[in-house]
């Protein structure tokens, strides 16, 4: 793995997904790399039909992350 000084940023959206930006590899449960364009939104609610990506299901199910 080669060294890259670019930061990877992770933002947590209240009651929504994680947004991950930067130069990173996203590896699926099968061990294969999932292609992306440098920004992904990852499901936190568990209801996405396109896991690991967010499909907006958190709004439909009323997901709350418990943060104040």
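FYI, it's all coordinate maths here, none of it is from the lab. Note that the structure is predicted; figures quoted are calculated from it, not measured. Virtual Cβ from ideal backbone geometry, glycine too; neighbours counted across all protein chains shown.
Values computed for the structure shown
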read-out	value
Residue 39-residue 15 pseudo-label distance in nm [points 7 Å out on the Cα-to-Cβ vector]	2.3 nm
Mean separation of Cα contacts under 8 Å (6+ apart) over length of the chain, as relative contact order %	28 percent
Burial ordering of 40, 12, fewest other beta-carbon atoms within 10 Å first	12, 40
Order of 55, 65 under a 10 Å beta carbon neighbour criterion, fewest first	65, 55
Rg over Rh, two decimals, the chain (C-alpha only, Kirkwood Rh)	1.02
